[in-house]
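As structure tokens, the structure follows; a few thoughts come after it.
The values are calculated or read from the model by the stated rules, or taken from the named source; none is laboratory data. For clarity, every value in this text was computed on a predicted model and none was experimentally measured. Every residue, glycine as well, gets a Cβ built from its backbone with ideal geometry; the counts of neighbours run over all protein chains shown.
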Amino acid sequence: MKVIKTKLNYSNSYLSLDINLLRIGCVAPFDIFIKKDDDFVIIIEAGTLISESLHAKLKNQESLYISKKDEDKQILSCESLKHYIRHNRDNPQKRVMILYKISEQLFDMYSSNHENIIHLECVELIVKSIIYLIKYDEKFLKNTMPYFENDHVLYSHSLHVAIYAVSLSNMLKFNDDDLLKIGVAALLHDVGLKKIDETVIQKESQLTQEEMKLIQKHSQYSVDILNQNKIHDPYIINAVMHHHERFDGSGYPNQLTGSDISNFASILAICDVFDALTNNRPHRQNYTTFNALKMMMRDTDMVNKFNQKYLNIFLKSFL
């Protein structure tokens, strides 16, 4: 550990840093300073991995400081997300854990308020982080999936579907604006589940006909909540409304077929089902990536339900 460069003594421009905010194995998202000879000098640059030995050395310092402009970066939040993602972009496990934490924060805020308010700036920041990582790492999906959580709670399922959808859309050469739209649609496609009794959603036995009809209302509920939050983009609304439509007409809510289903909705349909198959559900254990894709492409009950062109391209993400 050594002094990297000197800063002028603008003491009101620096804040004390709590060493407990720096965790071993994480990357510092900001420059860290000490005070020396009436100046503030950098001893750790942003992007430095905090090893056990480095953490011990920092604890021995009398005082540590950060620039006041970096105050918001001390805690992982929607506002600091891009800084944490940039400094952890080469660590597949860490970057996905960061996305999980922010997605959980986003959906906790949404679930806990009665007005169904969605933090839209946070939604956009999460999707932009996914786009950034996918463009940075051409094997992003293959490198990241081993660290996916094996459950089916709303925040993790929504994040997985967003990652899958943006990855597939990027392979389809969607422009950045469309990548953002498909990512937003994917992240919010199931927000309407909030209006459905949790006991029905988590039921382990077969759903009754009435319970199935109730579950199927979540697409419309999701659209209603997006409109309430002033999301009116027709591509996003269409994708959310029709992510359960199937190419053979067996889906809902409108039993659309083939080319009547939008590109966005076709992508969400694939990603939504794939994530459901590869995660534990109340009534069954998860399938492997290979077996899930095999079922979607060849199983007699599923082979005609998806856009096969998109499904074949999606397969290449894992090769």
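Here the range 272-286 is the region considered, the condition is being in contact with an Asp or Glu (Cβ under 7 Å, 6 or more places away or on another chain) and at pLDDT below 90, and the residue that is farthest from Ser205 (Cα to Cα) is Asn280.
Of note, Val200 does not satisfy the criterion of being touching a helix residue (DSSP H, G or I) at 6+ places or on another chain (Cβ under 9 Å) and crowded, with 17+ Cβ neighbours inside 10 Å.
Scan the range 97-156 residue by residue and report those that are among the basic types (Lys, Arg) and not in a helix (DSSP H, G or I). Across the range 97-156, the qualifying residue is only Lys139.
Going through Val223, Val166, Val184, Val200 one at a time, which residue ends up being more than 23 Å from Cys122 (Cβ to Cβ), in a helix (DSSP H, G or I) and aliphatic (A, V, I, L, M)? Working first, answer last.
Values: Val223 fails: more than 23 Å from Cys122 (Cβ to Cβ); Val166 fails: more than 23 Å from Cys122 (Cβ to Cβ); Val184 fails: more than 23 Å from Cys122 (Cβ to Cβ).
Only one candidate passes the filter, namely Val200.
In the range 121-135, the residues that are assigned by TED's automatic domain parsing to the domain that holds Gln93 and closer than 17 Å to Lys101 by Cβ form Cβ pairs under 6 Å with partners that are assigned to a helix (DSSP H, G or I) and aromatic (Phe, Trp, Tyr), at six or more places apart or across chains, as follows: Leu133/Phe140.
Could you please let me know if His114 is crowded, with 22+ Cβ neighbours inside 10 Å and assigned by TED's automatic domain parsing to the domain that holds Leu311? So His114 fails the test.
Kindly check whether there is at least one residue in the range 163-175 that is in contact with a Gly (Cβ under 8 Å, 6 or more places away or on another chain) and free of Cβ contacts under 8 Å to residues at least 40 places away in the same chain. Yes, the range 163-175 contains at least one residue that is in contact with a Gly (Cβ under 8 Å, 6 or more places away or on another chain) and free of Cβ contacts under 8 Å to residues at least 40 places away in the same chain.
Among the residues of the range 264-276, is there at least one that is farther than 17 Å from Ile163 by Cβ and either touching a Cys at 6+ places or on another chain (Cβ under 6 Å) or β-branched (Val, Ile, Thr) (or both)? No: zero hits. Residue count for the range 59-110, restricted to those that are outside the structural domain of Leu154 (by TED's automatic domain parsing) and touching a residue at least 60 places away in the same chain (Cβ under 8 Å): 0.
Pick out the one residue from Ile261, Ile196, Ile215, Ile182 that is closer than 24 Å to Ile118 by Cβ, touching a residue at least 40 places away in the same chain (Cβ under 8 Å) and either assigned by TED's automatic domain parsing to the domain that holds Lys309 or in contact with a Ser or Thr (Cβ under 9 Å, 6 or more places away or on another chain) (or both). Even if it seems obvious, please write down each step before you answer.
On the way: Ile261 fails: closer than 24 Å to Ile118 by Cβ; Ile196 fails: touching a residue at least 40 places away in the same chain (Cβ under 8 Å); Ile215 fails: touching a residue at least 40 places away in the same chain (Cβ under 8 Å).
Result: Ile182 is the single residue among Ile261, Ile196, Ile215, Ile182 that is closer than 24 Å to Ile118 by Cβ, touching a residue at least 40 places away in the same chain (Cβ under 8 Å) and either assigned by TED's automatic domain parsing to the domain that holds Lys309 or in contact with a Ser or Thr (Cβ under 9 Å, 6 or more places away or on another chain) (or both).
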